[in-house]
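Colleague: The structure that follows is given in the form of structure tokens.
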Amino acid sequence: MQTHLTRAADRGRKDIGWLKSNFTLSFSSYANPLRNGFGLLKVFNDDFVQPGGGFGIHGHANMEIISVLLAGSMNHKDSLGYSEVITPGGVQIMSAGSGLRHEEYNVGEDEVNFLQIWIEPKLQNVGPRYQRRQFPEEKRRNQLTTIVSNEEGQAHCWINQNAKLSLGHYEQPTAVDYALKPLNKMVFLFVISGTVTVAGQEVGTRDSLGIWDTDTIRFETSADARFLLIEAPINH
């Protein structure tokens, strides 16, 4: 097993008032040649949006874009005709494909915190698609919950890539054994709160750990640990 740890304090940062972003991988004004993506995971941003602030209408193409809402209320409006409000526990995906346009704003009274994730697609220029599912925390306690998969289903979102995203929330210290799918060769761990230890290496709140060259991983959590796992191929 090989790993690469990024501490929360070592992430790139952008503060423009209404938006405070933390970049684990190179994005926007943050360019780090050692962090130009991790396998097919190209963007991982920990974003905080002030009330009334947001991203005006803009376009994307040929990227799988996933948002995991941790706090606040954020709208989604796009060129496919979708218009809705996402609340905590909400996960939305845009398979941008041949192209779509969208906007997102903080429509509540509290700060929005969401994770913005971009993964390269398996197929190019497919028809664009949007999907949203809700994963209430009270239904996810003490287990790993699949929130995104390459397999269609009613219980999770699905994307155009051999990838899998899972949310973990464990109230007591727990050892979680995880097996990668045969096509996937890496796992990206992001700790939302608490700590998770992998092979003796403690990953703290808002730290991330890239893991590769292994088929199985044991995650040892602290009490009240919340984390996100992204499993994907290293390359196409």
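The values are calculated or read from the model by the stated rules, or taken from the named source; none is laboratory data. Everything numeric in this text was worked out from a predicted model, so none of it was measured. Using ideal geometry, Cβ is built from the backbone for each residue, glycine included, and neighbour counts are taken over all protein chains shown. The accessibility values were calculated without ligands, DNA or RNA, using every heavy atom of the protein model including side chains. Shrake-Rupley method; radii C 1.70, N 1.55, O 1.52, S 1.80 Å.
Colleague: Over segment 76-209, what per residue volume does the convex hull of the Cα atoms give, in whole Å³?
Modeller: Roughly 133 Å³ of hull volume per residue.
Colleague: To continue, here is another question. Can you give me the long-range amide H partners of Gly97? Hydrogens built in the peptide plane at 1.01 Å from N, cutoff under 5 Å, separation of 5 or more residues or another chain.
Modeller: Amide H neighbours of Gly97, under 5 Å, 5+ apart: Asn62, Met63.
Colleague: Considering only the other residues whose Cβ falls under 14 Å of the Cβ of Ser79, what net charge follows from Lys and Arg at +1 and Asp and Glu at -1?
Modeller: Net charge around Ser79: 0.
Colleague: For segment 84-155, what does the relative contact order come out to in percent, with C-alpha contacts under 8 Å and a separation of six or more?
Modeller: Worked out over segment 84-155, it gives 48 percent.
Colleague: Out of Gly37, Gly127, Gly97, any idea which swings most in a Gaussian network model of the chain, alpha carbons joined below 10 Å?
Modeller: The residue with the greatest mean-square fluctuation here is Gly127.
Colleague: Let me ask you something else. In percent, how large is the relative contact order of the chain, given Cα pairs closer than 8 Å and 6 or more residues apart?
Modeller: 20 percent
Colleague: Considering only protein heavy atoms and a probe of 1.4 Å, how much of the accessible area of segment 82-214 is carbon and sulfur, as a whole percent?
Modeller: About 46 percent, which is the carbon plus sulfur part of the accessible surface.
Colleague: Under a no-solvent Debye model with one identical scatterer per Cα of segment 158-212, what's log10 I(q)/I(0) at q = 0.16, 0.22, 0.28 Å⁻¹?
Modeller: Debye curve over Cα of segment 158-212, log10 I(q)/I(0) at q = 0.16, 0.22, 0.28 Å⁻¹: -0.56, -1.00, -1.38.
Colleague: Compare Ile234, Ile65 by solvent-accessible area with a 1.4 Å probe and give them largest first, with all protein chains kept in place.
Modeller: Ranked from most to least accessible, the order is Ile234, Ile65.
Colleague: A follow-up question, please. Hey, what's the Cα Rg ratio for segment 1-135 versus the globular rule of thumb, 2.2 N^0.38 Å?
Modeller: 1.05
Colleague: I've got another one for you. Please go through segment 141-201 and write out the trypsin sites (Lys or Arg not before Pro) that DSSP classes as loop and that have at most 15 other C-beta atoms within 10 Å.
Modeller: The qualifying sites are Arg141.
Colleague: Another question about this same structure. When only DSSP loop residues count, what chymotrypsin sites (Phe, Trp or Tyr not before Pro) in segment 1-77 have their Cβ near at most 12 other Cβ atoms within 10 Å?
Modeller: Taking segment 1-77 and a limit of 12 other Cβ atoms within 10 Å, no loop chymotrypsin sites (Phe, Trp or Tyr not before Pro) are found.
Colleague: Can you tell me which of Thr197, Thr216, Thr205 moves the most in a GNM of the chain? Springs connect C-alpha atoms under 10 Å apart.
Modeller: Thr216
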